[in-house]
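Read through the structure below, which is laid out as structure tokens, and then see the notes.
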């Protein structure tokens, strides 16, 4: 029994992988994202430290030594961008993870049990959806900026948590919808008849069938988390200086548009490339999982 | 229809209630307070700070403070700005029209551009035009609004100049040139860059959505029926297909409203547009709680009202839906 299962699972994964890599742009996007991740991970091998100031050497145009030039304090922009990538990618990945986790829990409970639990959870979800998220992020960010409390010192962690807290509603709705459809299926009735507990049915039977749509919505979440984090840092309410982030680099560049307009180019283009790559990966995943999606939608 | 509208309005009450509690708790229970800056100021004594706290009621238990704030809210009183010593409702009332001008103009531009693009690219799917549009919309969706805004400033304000006067091509900052307040043409000129920054992403998103919606509809049985009846392809496309394909857009727009206001916040900040977003940003920097709470509450109400309108519009547009 177990052996059969593993073989089946492998072939499914292999099938999805094969379909995914048929999508040329998605394959390219994977490569681009891999390069970005590696560059950020190994950022400490760059020639300059992102914090090292050199005021006599400021506002250099991009050249052979300073590939992206230097900023108003003479810091090397290339190295700052790579270190900024660490923050953006970390925030993107982990806030997506937590938001999906929370969303799956809420959506699964809501969709599987229905009734008053569903109504209560969906009212809360609606309330969160009506929230103009960025406003709340800014309020929370404003606390962050002035507090010296222990937990708030690590502003990356706090930004991850607040982005996740304000973005779980989309996966929750998606998962709820999938559960509403799947819980009426014969294989669920079969498991109920065999005495399967709710937890078992949710975890073993229904959830594995939701993986595709969850992954696709995860890519959308990650792209928007990266845009949100950078935007928040750009407004001055995200990850706090001196930690370089794409958003805060862009924000300092804004004050220098007359002296050094090129400074505004790099952080933005990095956000843009990352988001494009993630979007194309999402597109590839959607295509790879497509037969399944059509399958559920029809019934 | 009227009962439905009434019921929808009543349904929003618990939602607004939840929002108000969450917001209030978040702002008040968080560490620090509106007097953080005053505490750091050596010229203000401890006794003075305590007196201010007592006067503002910051020492009362949280439920009491919430009750007082909610009571005021229900009477249209949003409290007084700590920084400007002015009623928050007045400050917001001054800014709302400006935000609505910006959001409304962007919305109009978005629809005027996105709908034709979506229709044309679905007309001949996988044609050169369609591929070009798909690529461009993918790009447009990935450009963050703040970077686009900054880029527009660099291109049209810093770099490009009017060759005759050597002045920047488009103005940046505010709604009017000094001395031209109330001049509509001048305001429109000031609107060009902010509206471009705000609309581009939405144009990309809606034209993509409309394209796939059109393609879905074109596979429906009633399209085949319409063709079988011998209707011209044009009539089938623009009458039967378009009417059905455009419906989901109404729901989508209602869902996207919070994001539209969020985008407006960035654009207002970048272009110094005197709207609610800008007010909010300034208040956040000064931790002016009553203003923060007021703006978020008003924005939430605006969004909910638009949602109800969208639902009602949906019922009006789609005869299949009957409200009881």
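The values are calculated or read from the model by the stated rules, or taken from the named source; none is laboratory data. This structure is a prediction, so every number in the text was calculated from the model and none was measured. Glycine also receives a Cβ, built like all others from the backbone with ideal geometry; neighbour counts cover every protein chain displayed.
So which residues in the stretch B:190-199 are under 15 Å from the mean Cα position of the chain (by Cα) and surrounded by fewer than 24 Cβ atoms within 10 Å (Cβ to Cβ)?
The answer is B:195, B:196.
Here is a yes/no grid of residues against (1) at pLDDT below 90; (2) in contact with a helix residue (DSSP H, G or I) (Cβ under 8 Å, 6 or more places away or on another chain):
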site	(1), (2)
A:112	no, yes
A:138	yes, yes
A:148	yes, no
A:151	yes, yes
A:156	yes, yes
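Residue-wise test of (1) surrounded by 23 or more Cβ atoms within 10 Å (Cβ to Cβ); (2) farther than 30 Å from residue A:20 by Cβ.
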residue	(1), (2)
A:129	no, yes
A:135	yes, yes
A:177	no, no
A:194	no, yes
A:212	no, no
A:228	yes, no
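Of all residues in the stretch B:116-138, count the ones that are modelled with pLDDT of 90 or more and closer than 19 Å to residue B:263 by Cβ.
0
Exactly one of these conditions fails for residue B:259: (1) more than 11 Å from every other protein chain (Cβ to nearest Cβ); (2) closer than 21 Å to residue B:98 by Cβ; (3) part of a helix (DSSP H, G or I). Give me its number.
(1)
Identify all residues within the stretch A:16-36 that are closer than 18 Å to residue A:273 by Cα and without any contact (Cβ under 8 Å) to a residue 40 or more places away in the chain; write none if there are none.
Across the stretch A:16-36, the qualifying residues are A:24, A:31, A:34, A:35.
Which condition number in (1) more than 13 Å from chain A (Cβ to nearest Cβ); (2) at pLDDT below 80 is the one that residue B:100 fails?
(2)
Would it be correct to say that residue B:248 is within 24 Å of residue A:167 (Cα to Cα), in contact with a helix residue (DSSP H, G or I) (Cβ under 7 Å, 6 or more places away or on another chain) and in a helix (DSSP H, G or I)? Give the steps one after another, and end with the answer.
Values: within 24 Å of residue A:167 (Cα to Cα): yes; in contact with a helix residue (DSSP H, G or I) (Cβ under 7 Å, 6 or more places away or on another chain): yes; in a helix (DSSP H, G or I): yes.
Considered against the rule, which asks whether it is within 24 Å of residue A:167 (Cα to Cα), in contact with a helix residue (DSSP H, G or I) (Cβ under 7 Å, 6 or more places away or on another chain) and in a helix (DSSP H, G or I), residue B:248 comes out as yes.
For the stretch A:230-280, give me each residue that is within 8 Å of chain B (Cβ to nearest Cβ), surrounded by fewer than 24 Cβ atoms within 10 Å (Cβ to Cβ), touching a residue at least 24 places away in the same chain (Cβ under 8 Å) and under 18 Å from residue A:72 (Cα atoms).
A:236
Considering only helices (runs of 4 or more DSSP H) fully contained in the stretch B:35-137, which possess at least 1 residues that are on the phi < 0 side of the Ramachandran plot and in contact with a strand residue (DSSP E or B) (Cβ under 8 Å, 6 or more places away or on another chain)?
The helices (runs of 4 or more DSSP H) meeting that bar are B:88-123.
Give the residue, chosen from B:280, B:271, B:266, that is under 21 Å from residue A:130 (Cβ atoms) and touching a residue at least 60 places away in the same chain (Cβ under 8 Å).
B:266
Quick check on this structure: which one of B:82, B:143 is within 20 Å of residue B:23 (Cα to Cα) and within 14 Å of chain A (Cβ to nearest Cβ)?
Going through B:82, B:143 in turn, the sole match is B:82.
So which residues in the stretch A:55-74 are out of contact with any strand residue (DSSP E or B) (no Cβ under 7 Å at 6 or more places or on another chain) and free of Cβ contacts under 8 Å to residues at least 60 places away in the same chain?
Of everything in the stretch A:55-74, those that are out of contact with any strand residue (DSSP E or B) (no Cβ under 7 Å at 6 or more places or on another chain) and free of Cβ contacts under 8 Å to residues at least 60 places away in the same chain turn out to be A:55, A:56, A:63, A:64, A:65, A:67, A:73, A:74.
On the basis of being more than 21 Å from residue B:200 (Cα to Cα), free of Cβ contacts under 8 Å to residues at least 12 places away in the same chain, within 14 Å of chain A (Cβ to nearest Cβ) and over 25 Å from the mean Cα position of the chain (by Cα), does residue B:180 make the cut?
no
Given the conditions (1) in contact (Cβ under 8 Å) with a residue 24 or more places away in the chain; (2) within 12 Å of chain A (Cβ to nearest Cβ); (3) under 22 Å from the mean Cα position of the chain (by Cα); (4) surrounded by fewer than 22 Cβ atoms within 10 Å (Cβ to Cβ), report the number of the one that residue B:151 does not fulfil.
(1)
Among the residues that make up the stretch B:52-64, is at least one of them over 23 Å from the mean Cα position of the chain (by Cα), surrounded by fewer than 17 Cβ atoms within 10 Å (Cβ to Cβ) and at pLDDT 80 or above? Explain how you work it out, then say what you get.
Narrowing the stretch B:52-64 to residues over 23 Å from the mean Cα position of the chain (by Cα): B:52-64.
Right, trim to surrounded by fewer than 17 Cβ atoms within 10 Å (Cβ to Cβ) and you get B:52-55, B:57-64.
Still in the list and also at pLDDT 80 or above: B:63-64.
Yes: one or more hits.
Condition first: farther than 28 Å from residue B:13 by Cβ, in a helix (DSSP H, G or I) and more than 10 Å from chain A (Cβ to nearest Cβ). Can you find one or more residues in the stretch B:272-295 that meet it?
The answer is yes, given that some residue of the stretch B:272-295 is farther than 28 Å from residue B:13 by Cβ, in a helix (DSSP H, G or I) and more than 10 Å from chain A (Cβ to nearest Cβ).
Among (1) in contact (Cβ under 8 Å) with a residue 60 or more places away in the chain; (2) surrounded by fewer than 18 Cβ atoms within 10 Å (Cβ to Cβ); (3) within 14 Å of another protein chain (Cβ to nearest Cβ), which single condition is residue B:115 missing?
Unmet condition: (3).
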